[in-house]
Amino acid sequence: MDSLLLLLPAQRQRHLVAAAALAAASAAAYLLLRRRQRPRPPPGPRPWPLFGNLFNLERPTFLVAHSKWRRQYGDLVSFTFGSRRFVILNSYAVIKEALTSPEWAEVFSGRINSPFILSMTHGKGIVSAEGELWREHRRFALKVLRDFGFARSGTEEAIHAELAELQQTLDAEPAELVPRAIANVISVLLFNYRAGTQDEGFTDFMLASQENLQGNNIGRFIPTAFPGLYSIPGFMRLLQLIGVDVFVFKRNIEVTHRFCRDQIDRHRRNLAEVSEPADFLDAFLLEQQRLNSKRSDHSFDDFQLVRTLTELFIAGTDTTSNTIRWALLYAALHPECQDRIAAEVEAATGNSRLPVYRDKKAMHFTMAFIDEVQRYSTLAPFSVGHRCTRDIRFKGYDISSNDLIMVNLYGVHHDPELWDQPEQFRPERFINSSGEYETSEFLVPFSIGKRACLGESLARQELFLFLSGIFQAYRVELHKDCYKDLKDIEVGSAGLVHAPGKHQIIFHRRAAK
Ligand code: HEM
């Protein structure tokens, strides 16, 4: 080869050597670039072909992610389920950076883009919407609900109507009555509709919402986790036929949509007589009417309304009522807490009236107890799934816009670097050295950033009024047969909502002093 080269004129020799060097450099650069460009997802357990990490998903995953995976892989973890990758934001620092920093907050504000979910939601509503549609309707909902008195007396009135009834009846049918009372509060705000216990349509609506938030049957995740299988015509029906209930989510959504459509029809029939909106639905229809008279290309259409009502109802019922279930459970396990709350209510009200929201200023222990319940139980352990609106490189790892982002709020609330003995239930951690209630930056049950819970002020008001009102009237006890299952009760469900396991609370009426 060398001798052949020497036969060529000197200039040709130089050209050939230069060309060979160039080719070698290009090949090296190409290989390096390919290596660089191969996506580098956050670390996590090794996936199996086809199934991903299905077999690594010990339940409940949020407990594992917080303790085992964080130790093994760190603050950013990924795993796959089917063909979808999940990325867990696994520490407070990473969550704060992703959801609130000017650089990342907007990018991390997307929602899941699964074709199955989109076939039901069409990307409408607030929870499921993205971009300008989401911003416009989040703003509208916040304004309307604030006008109706989120955190003001309008809501207090609706809560008091339920509370007064609970104080009379709770010892009769407790498991059924608290969720119904909470559902009625949001129903009055949305539809100006308060359901009785015999209202079957409302009960179906409640149960369908409940099942979609709490259910953890694996079948319902299949169409989202395996979009490829979902798009094979008839495959989902085949799974359904062999007993895998892939359509439970869809059936429940249809029940909730039907209920909302009936409410819309009822309101529309009376709209001509409405000058001041009595509820959210009226306010939306009036806005729709106003926009219709100006232009046709607005986003206040009927399906957007159906989705918004459904989402507000679902988001506003099971969340608050399960937080109250956790609170009653911990109060039963720590009886001194309920006595201290009852004493604070008595000092504030003389037990001659129901508690009002401004009483909270003097009820330090009650506020600390509620914070501790929210920390310890963490009702939405992984928040609601987010998505990045574009492919990004974040903290040295690649995250695709198709990845589902899980925000490990449970991990934050049980992080030993942030809390002293986090596995102990201890409301006093929220009482400062002056004996006053003081919350913590690290308590984030409603999440943080642009997507943070829209109903936070309503939820806070409900938790305070319902709990202080219940302990004003009752002392609670866990049924003695439940103690043997206490561990399972406390681990609870592993759906979107973390609900306590099945148990029974007994209500004893407090003796009037
Ligand atoms: C104790 C009760 C509640 C808890 C713990 C809770 C928690 C949460 C969490 C963690 C999120 C997800 C935030 C995110 O994606 O980063 C959320 C979103 C949301 N919540 Fe709540 N929530 C509660 C009550 C309510 C109530 C009463 C309403 C009723 C109006 C409500 C309406 C919403 C809505 C509409 C969203 C979606 C916001 C958006 O996507 O822009 N929530 N909530």
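The values are calculated or read from the model by the stated rules, or taken from the named source; none is laboratory data. Since the structure is predicted, the reported quantities are computational estimates derived from the model, not experimental observations. All Cβ positions, even for glycine, are placed from backbone atoms using ideal geometry, and neighbour counts span all protein chains on display. We work out accessible area using only protein heavy atoms, side chains counted, and drop any ligands, DNA or RNA first. Shrake-Rupley method; radii C 1.70, N 1.55, O 1.52, S 1.80 Å.
With one equal scatterer per alpha carbon and no solvent term, the Debye-computed log10 I(q)/I(0) for region 443-513 at 0.14, 0.23 1/Å reads -0.69, -1.09. Share of carbon and sulfur in the accessible area of the chain stands at 55%, probe radius 1.4 Å.
Accessible-area rank, largest first, for 465, 418: 418, 465, with all protein chains present and a 1.4 angstrom probe.
Return an integer: the convex hull volume of the alpha-carbon atoms of region 56-509, in Å³ per residue.
Values: hull volume 75.5 nm³, N = 454.
Cα convex hull per residue, to the nearest whole number: 166 Å³.
The H on the amide N of residue 78, modeled in the peptide plane, is under 5 Å from the matching H of 44, 88, each at least 5 residues off or on a different chain. Solvent exposure of region 124-212, expressed per residue, is 44 Å² of accessible area, with all protein chains present and a 1.4 angstrom probe. Applied to region 487-498, the Karplus parametrisation 6.51 cos²θ - 1.76 cosθ + 1.60 on θ = phi - 60° returns per-residue 3J(HN,Hα) values of 4, 5, 4, 6, 5, x, 8, 10, x, 4, 9, 8 Hz, with x for Gly and Pro.
Taking a sphere under 15 Å around the Cβ of residue 231 and counting the other residues whose Cβ falls inside, with K and R at +1 and D and E at -1, yields a net charge of +2. The lysines within cross-link reach of residue 360, meaning a Cα-to-Cα straight distance under 24 Å and a gap of 8 or more places when in the same chain, are 513. Between the beta carbons of residue 167 and residue 286, assuming R0 = 41 Å, the FRET efficiency works out to 0.70 to the nearest 0.05. Among the GluC sites (Glu not before Pro) found in region 430-513, those both in a DSSP coil and sparsely packed, with 16 or fewer other Cβ atoms within 10 Å of their Cβ, are 436, 438, 441.
Amide H to amide H, with H built 1.01 Å from N, residue 398 comes under 5 Å of 40, counting only residues 5 or more places away or on other chains. Amide H to amide H, with H built 1.01 Å from N, residue 387 comes under 5 Å of 110, 111, 405, counting only residues 5 or more places away or on other chains. Converting phi to 3J(HN,Hα) with the Karplus coefficients 6.51, -1.76 and 1.60 and the offset θ = phi - 60°, region 454-466 yields 6, x, 4, 5, 5, 4, 4, 5, 5, 4, 5, 5, 5 Hz in sequence order, with x at every glycine or proline. Nearest 500 deg cm²/dmol is fine: what mean residue ellipticity at 222 nm does the chain get from its DSSP H runs of n ≥ 4 alone, each adding -39,500 (n - 2.57), divided by its residue count? Here the helix-only value at 222 nm equals -16500 deg cm²/dmol.
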